[in-house]
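This report concerns only the one structure given below.
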């Protein structure tokens, strides 16, 4: 699907709080002559976008059917269409699977998987009617080589990857492209939010000796070599807006390494993970 130069694609992005990947993607799409519906649970988290006419700010809770319906109604009334949906809203969840509260895992899947699917089901009827559209699901490079301490997050993103592969096949008939965007280590506020979430976890019993390394896992993607979010967003948007976008697009620090890890024998992969994550 291609857009003409005089046509400004309407792009709806979830999770656009300042400092995150979604915010960088919003600015990158706007720089490419797109009209951006930037959403977050609070407009206050996107203050720099508020007075820019390229952005239509909406408060959206991906966990709420009513919130999704309200935002879709507002967008359709204002623009009459949605050309690109970017499911970026997501949360990290750090902790050992044997002790982490199931409620925390449930919340992670609710946000990362069901939240994305909720938006897909809301947007697809509009795209199918026009026989064109693009859906972008933001996954994670951790799926390529799952490691300790972030199993709930990685599992939720693995589920999203699988749903994306299925959607690509099921929606092709309607002229809808589905793209799996797989970030490597990209600078964002996910590290801070992960630590904030981790601080609300119960005290570990079996894993008390690993507490320091588990906490460090929350910051793993935010180390000095992480790819700047603006750079990641620029590359991603260029790929998404192509006439024939790739089904899979991965960018950011560690993305190449993790792609190699995916093909390694399990014994070698496990050895590397044990050394890296100190378990």
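Distance between the pseudo-spin-label points of residue 172 and residue 225 (7 Å out from Cα toward the beta carbon): 3.7 nm.
Sorted fewest first by neighbouring Cβ atoms within 10 angstrom, 131, 243 come out as 243, 131. What the Kirkwood sum gives for region 74-181 is a hydrodynamic radius of 14.7 Å, with every pair of different alpha carbons counted.
Among 80, 147, 184, which one shows the highest mean-square fluctuation when the chain is modelled as a Gaussian network with alpha-carbon springs under 10 Å? Of 80, 147, 184, the Gaussian network model singles out 80 as fluctuating most. Packing, taken as the mean count of other beta carbons within 10 Å per residue, orders the peptides 60-67, 137-144, 110-117 from highest to lowest as 137-144, 110-117, 60-67. Once you sort the root eigenvalues of the Cα gyration tensor of region 139-182 as a ≥ b ≥ c, which label holds: rounded (a/c under 1.5), prolate (a/b larger than b/c) or oblate (the other case)? It comes out prolate by the Cα gyration axes. Once every DSSP H run of n ≥ 4 in the chain is given -39500 (n - 2.57) and the sum is divided by its residues, what mean residue ellipticity at 222 nm do you get, rounded to the nearest 500 deg cm²/dmol? Counting only the DSSP helices, I get -13000 deg cm²/dmol. Shape analysis of region 128-279 places it in the prolate category; the axes a ≥ b ≥ c from the Cα gyration tensor give an a/c of at least 1.5, with a/b above b/c.
Contact order, relative form, for region 116-250: 29 percent (alpha carbon pairs under 8 Å, 6 or more residues apart, mean separation divided by residue count).
Across every direction, the projection of the convex hull enclosing the Cα atoms of region 114-160 has a mean area of 3.7 nm². When you count the other C-beta atoms within 10 angstrom of each residue and take the mean per peptide, 89-96, 267-274, 121-128 line up highest first as 89-96, 121-128, 267-274.
Axis angle, to the nearest 10 degrees, between helix 151-170 and the longest C-alpha principal axis of the chain: 30 degrees. Along Cα→Cβ, 7 Å out, is where each label goes; now give me the distance between the ones at residue 77 and residue 97 in nm to one decimal. Calculated label separation equals 4.5 nm. For residue 51 and residue 7, a Förster radius of 25 Å and the Cβ-Cβ distance give a FRET efficiency of 0.55, rounded to the nearest 0.05. As a calculated quantity, the FRET efficiency between residue 247 and residue 278 at R0 = 41 Å, using C-beta atoms, amounts to about 0.70.
Helix 65-79 and the long axis of the chain differ in direction by around 40°, with both axes built from C-alpha atoms.
Ranked by how many other Cβ atoms sit within 10 Å of their own Cβ, fewest first, the residues 262, 153, 198 fall in the order 262, 198, 153. Relative contact order of region 10-277, taken over Cα pairs closer than 8 Å and 6 or more residues apart, is 20 percent.
Since every read-out is calculated from the coordinates, none of them should be taken as a lab result. Model, not experiment: these values are computed from the prediction. Every residue, glycine among them, receives a Cβ derived from its backbone with ideal geometry; neighbour counts consider all protein chains shown.
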